[in-house]
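As structure tokens, the structure follows; a few thoughts come after it.
The values are calculated or read from the model by the stated rules, or taken from the named source; none is laboratory data. Because the structure is a prediction, the values reported are computed rather than measured. Cβ: placed from backbone, ideal geometry, glycine included. Neighbour counts: every protein chain shown. The accessibility values were calculated without ligands, DNA or RNA, using every heavy atom of the protein model including side chains. Shrake-Rupley method; radii C 1.70, N 1.55, O 1.52, S 1.80 Å.
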Amino acid sequence: MMIKRKPIALTLLALIIAQLVLSCTTAEAPVEDRPNIILIMSDDMGYSDLGCFGGEINTPNLNQLAASGLRFTQFYNAARCCPTRASLLTGLYPHQTGIGHMTNVPDNPTNHNYNLPGYQGFLQTNTNTLAEVLGGAGYHTLMSGKWHLGMADSSQWPLQRGFDKFYGILSGAANYFKPDGLRGITTQNEQIEITNPDYYTTDAFTDHAIAFIDGVKSDDQPFFLYLAYNAPHWPLNAPKEDVDKYRGRYDDGWQTLREERYQRMKQMGLVEENWPLSAQDSPDWDTLSQEVRDEMSLRMSIYAAQVDRMDQNIGRLTQFLQETGELDNTIIVFLNDNGACAEGGTFGGGPANILETKKGYWLTYGQSWANASNTPYREYKHYVHEGGISTPMIVHWPKGIEKTKNGSLVKDYAFLPDIMATFKDLANADYAVEKDGQRVPTLVGKSLAPLLVADVAMDARPIFWEHEGNKALRLGNLKLVSKWNDKGPQTWELYDVVKDRTEQNDLSDQMSEKKTEMIALWQNWADTHQVEPWDEILQIIQSKNASH
């Protein structure tokens, strides 16, 4: 079922209804009636991997949350792990938080600090995090999983940014079976050694999430849980019993998989009939040797197992909430941090001989499978064509969302900063405009709460992207986008993404005046949000590398 949207020019009656319904869940509601909030993020997963978004991977628990909630088909992330996390947790654009490029890596606390306000390499102190905002409103603030917002010293860690409890990895990636060293596990502010031979990060993150909730649910305060899985980010690590479910499933290759998913997505209403499948970005499967096909099928099987295991754990969490009577008044939001990851080249990275072992760090499934994971869209993580920034998003909240809307598709476009605005509204929380004498940037996002509870359409507002020179602007039906060209010159494309979301028909020639207007709008945003020209950032990076 698809939600039929009202015109953007809302009637007075619709606005009154929205305000009345929203007031019942936020400022007018008794404190004890405010919902618990759970924010679940997957890592490097493709748009079409989940069953409820057209995939063949076994994800019954997320499918059930979608069937009894809402699926957002045009929700956008920030194209990369840490810029997305910075935007998600602050309600700002990444450059406003000091993470305009990347977070400093564990063994080099300044490598992504370019001595520019928008490029510091860690989350700046003149920002509000979701934990700080919700904690200020009386919520317990709990986090389990991947942080990736700074780790050079403990002032950058979760407990110092508003969380009461933390268990997870501070860095951007780790081995699932034995995370260690600088890519190891931290509990509260203490880094610990993992000795359990059966350890697996996805399981452990869920164990601690459940334990955190269990420790606070007996009092009258609601809780906020941020559960940030590292699955299915590389390395390819999964338990054998989960890999075995998919062994041989991908023997027909990525072309067949893309077509199967594309047809299912059209049947499910996720893809319009007039959106062509984007061009295949991989070699023909039939041209590969049997040895290569076997290895590629195995890599995808392990990746699928990582998604499957994550879904199993989300099932454990929701079952716990059901058994403890917390599920009905808990809003659960599931989303992903960027498009599928093409890192590692056409056939993936890392030695094949350690696949299906507990070893490995750099083990990827590669561009060819990422192309299938992002069906039907173009490009990948890093880039801001639809395949890089589109996230499958599920919102489940039995007490707040009418049952008549269960299973519906929400086709209004929205993006990461809207999460802060939404949770702030639902929690009746304040957003500080100043911290420690520093001005805090104005909240960028818009609350989705009226849309959730009253079906009020979102405004056709402009939203912007920049990452590594890849640039975009969405404004209503139109999207302006540019992929960074190392050899130059940089060019812009223009698409009507309502008619052509797979970005196949460039309208630059037909709408040249509109394109020029949108380029100017993007540049004005960049000039006022600490965004620097990428060629200048590259010069800084090259200078830093030369000095080492």
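The alpha-carbon positions of segment 68-222 define a convex hull whose volume is 140 Å³ per residue. Projecting the Cα atoms of LEU225, CYS52, GLY348 onto the charge dipole of the chain, computed from C-beta unit charges around the Cα centre, puts CYS52 farthest toward the positive end. Classify segment 213-308 as rounded, prolate or oblate from the Cα gyration tensor: take a ≥ b ≥ c as the square roots of its eigenvalues, call it rounded if a/c is under 1.5, otherwise prolate when a/b beats b/c and oblate if not. Oblate.
By accessible area, using a 1.4 Å probe on protein heavy atoms only, segment 359-452 has 49% of its surface on carbon and sulfur. SER171 contributes about 0 Å² of solvent-accessible surface, heavy atoms of the protein only, 1.4 Å probe.
Please work out the Cα center distance from segment 53-73 to segment 163-239, rounded to the nearest Å. Rounded to whole Å, the Cα centres lie 24 Å apart.
Evaluated over the Cα positions of the chain, the convex hull gives a direction-averaged projected area, one quarter of its surface, of 24.7 nm². Subtracting the Cα-Cα distance of GLU193 and ILE541 from 0.36 nm times their residue separation leaves 121.9 nm of extension gain. If a/c stays under 1.5 just call it rounded; otherwise compare a/b with b/c (prolate if a/b is bigger, oblate if not). Do that for segment 123-198, with a ≥ b ≥ c from the square roots of the Cα gyration tensor eigenvalues. Taking the square roots of the gyration eigenvalues as a ≥ b ≥ c, segment 123-198 is prolate. With 0.36 nm allotted per residue and the present C-alpha distance subtracted, the ASP33-ARG316 stretch has 99.4 nm of extension available. Its convex hull of Cα atoms gives segment 255-374 a direction-averaged projected area, equal to a quarter of the hull surface, of 10.1 nm². Rounded to whole Å, the principal axis extents of the Cα atoms in segment 77-139 read 37, 22, 20, largest first. Rg and Dmax over the alpha-carbon atoms of segment 383-465 stand at 15.0, 48 Å.
Excluding the site residues themselves, the longest part of the chain lacking any trypsin sites (Lys or Arg not before Pro) in a DSSP loop with at most 11 other Cβ atoms within 10 Å is 5-486. Under 1.5 on a/c is rounded, so check that first for segment 423-548, then, if it is not, pick prolate when a/b is larger than b/c and oblate when it is not; a ≥ b ≥ c are the square roots of the alpha carbon gyration tensor eigenvalues. Taking the square roots of the gyration eigenvalues as a ≥ b ≥ c, segment 423-548 is oblate. Working note: Karplus 6.51/-1.76/1.60 with θ = phi - 60° gives segment 289-296 the couplings 5, 4, 4, 5, 4, 4, 5, 5 Hz, where Gly and Pro are set to x. Considering every Cα-Cα pair within segment 387-434, what fraction, in whole percent, is farther apart than 14 Å? Roughly 66 percent, once rounded to a whole number.
All other residues whose Cβ lies under 13 angstrom from that of SER155 are scored, Lys and Arg at +1 and Asp and Glu at -1, for a net of -1.
Binning all Cα-Cα separations of segment 111-161 at 10 Å, short to long from zero, yields these whole-percent fractions: 23, 50, 23, 5.
With charges only on Cβ, +1 for K and R and -1 for D and E, what is the dipole size of the chain about its Cα centre, in debye, rounded to 20?
My answer is approximately 600 debye.
Considering only HIS208, PRO392, ALA520, the residue lying farthest towards the positive end of the dipole of the chain is ALA520, judged by Cα position with unit charges set on Cβ. Only Cα sites of segment 336-429 enter the Debye sum here, all with the same form factor; the resulting log10 I(q)/I(0) across q = 0.21 1/Å is -1.04, listed in q order.
Summing charges over neighbours of PHE166, with a neighbour being any other residue whose Cβ is under 13 Å away from its Cβ, gives +1 when K and R count +1 and D and E count -1.
Computed with a 1.4 Å probe over protein heavy atoms only, the accessible surface of the chain comes to 37 Å² per residue.
Leaving ligands, DNA and RNA out of it, report the carbon-plus-sulfur percent of the accessible area of segment 256-357 at a 1.4 Å probe.
Percent of accessible area from carbon and sulfur atoms in segment 256-357: 46.
Cross-link partners of LYS217 among lysines, defined as those whose alpha carbon lies under 20 angstrom from its own and excluding same-chain residues fewer than eight positions apart: LYS165, LYS399. Over all other residues within a Cβ to Cβ distance under 10 Å of ASN175, the charged ones net out to +3, with Lys and Arg as +1 and Asp and Glu as -1.
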